[in-house]
Amino acid sequence: MTLQFFGHPFSSYTQKVLIALWADGTAFDYRMVDPEHPENVAELRARSPFGKFPLLVDDDIAVFESTPIIEHLHAHHRGQNDWIPDGEAGRRTRLLDRFFDTYVMGNMQKAGLDVLRPEESRDPFGVEQARAELRTAYGWLDANLGDGPWAIGETFTLADCAAAPSLFYADWLEEIGPERPRLAAYRARLLAHPVVARAVDEGRPYRHFFPMGAPDRD
C-alpha cells in the first residue's frame, strides 16, 4: 500500500517531513489538507486526535507529529539518508531536532500567530517573551553549531529537516542578522539544498498566509 501523507505546502512541519521523503525518493500519495479537498480534511480528523497535520498513514497505521513520522520512515522505509545516526551523533541529532522545533519554531509560532487573535485576546507580553526566547535560541545556535555544513557535521540528518523550515520562517519574524554569522550562513546553506529549495518553492504561492506578511526575500 502506498504511503499516504497529509499536509500543506506552507506548513513548516509538513515541509520538515517532505524534506525527508523527497531526499530519500520515497513513494507516497500527497493528500493536500485545504478547503478544496474536504475528503482529506475529513480523513485527517478521523485519524488524528486533534485533526492536525502532518499525518502519515502506513498500511492503516496513523503516525502524527513530524519527528515520529521521520522516525517511522527511518525504521520502516529506510532510504539513502541516515536521518538518526547511531551513538553520540544520534543523541546530538535528537537534541537539535527538539531545539529547533521547541525553541525556534515554537517561539516563532507563538509570536507570529498572536496577530490572528481577536484584538482583546492578544498577548503582547507573551509575544515579547517569545521573541526574546527566539533571540536566545539564535545566540545558542550561533555558538554551538559545528564546523561542518550541517547541524552535526557532514551528514544531513533529522536535525537539518527540523532546522530548515524553523529558521526559514523564524528569520521572517525576527531576523537572525549579521551579528550571528554562523547561524545565518547555516540558514543560507539549508535554503540552497535542493529538497529544501523545493519545499520553499512549493510553499511560495501561499505566502500571503504568513500572519505578519512575508518579506520580499528568500
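The values are calculated or read from the model by the stated rules, or taken from the named source; none is laboratory data. Quick caveat, the model's predicted, so the values are computed rather than measured. Ideal geometry is used to build each Cβ from the backbone, glycine not excepted, and the neighbour counts take in all protein chains shown. SASA here: full protein model, heavy atoms, side chains in, ligands and nucleic acids out. Shrake-Rupley method; radii C 1.70, N 1.55, O 1.52, S 1.80 Å.
List the relative contact order of the range 83-150 as a percent without decimals, with contacts defined as Cα pairs under 8 Å and 6+ residues apart.
29 percent.
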Difference of contour (0.36 nm per residue) and Cα-Cα distance, residue 94 to residue 210 | 39.0 nm
Taking R0 as 22 Å and r as the Cβ-Cβ distance between residue 135 and residue 113, the FRET efficiency 1/(1 + (r/R0)^6), rounded to the nearest 0.05, comes to 0.75
What percent do you get for the relative contact order of the range 124-218 when only Cα pairs under 8 Å and 6+ apart count?
-> 25 percent
Quick one: dipole size for the range 85-214, taken about the Cα centre, charges +1 on Lys/Arg Cβ and -1 on Asp/Glu Cβ, in debye to the nearest 20.
-> 140 debye
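Normalised radius of gyration for the range 80-143, please: alpha carbon Rg relative to 2.2 N^0.38 Å, two decimal places.
With N residues counted in the range 80-143, Rg over 2.2 N^0.38 Å equals 1.46.
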Calculate, in nm to one decimal, what residue 32 and residue 82 gain on full extension: separation in residues at 0.36 nm each, minus their alpha carbon distance.
-> 15.3 nm
Would you work out what percent of the accessible area of the range 1-74, with all protein chains in place, is carbon or sulfur (probe 1.4 Å)?
-> 54 percent
Which whole-number percent is the relative contact order of the chain (Cα, under 8 Å, 6+ apart)?
-> 23 percent
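Determine the dipole magnitude for the chain: charges of +1 sit on the beta-carbon of Lys and Arg, -1 on that of Asp and Glu, nothing else is charged, the reference point is the Cα centre, and the result goes in debye to the nearest 20.
Computed charge dipole of the chain: roughly 260 debye.
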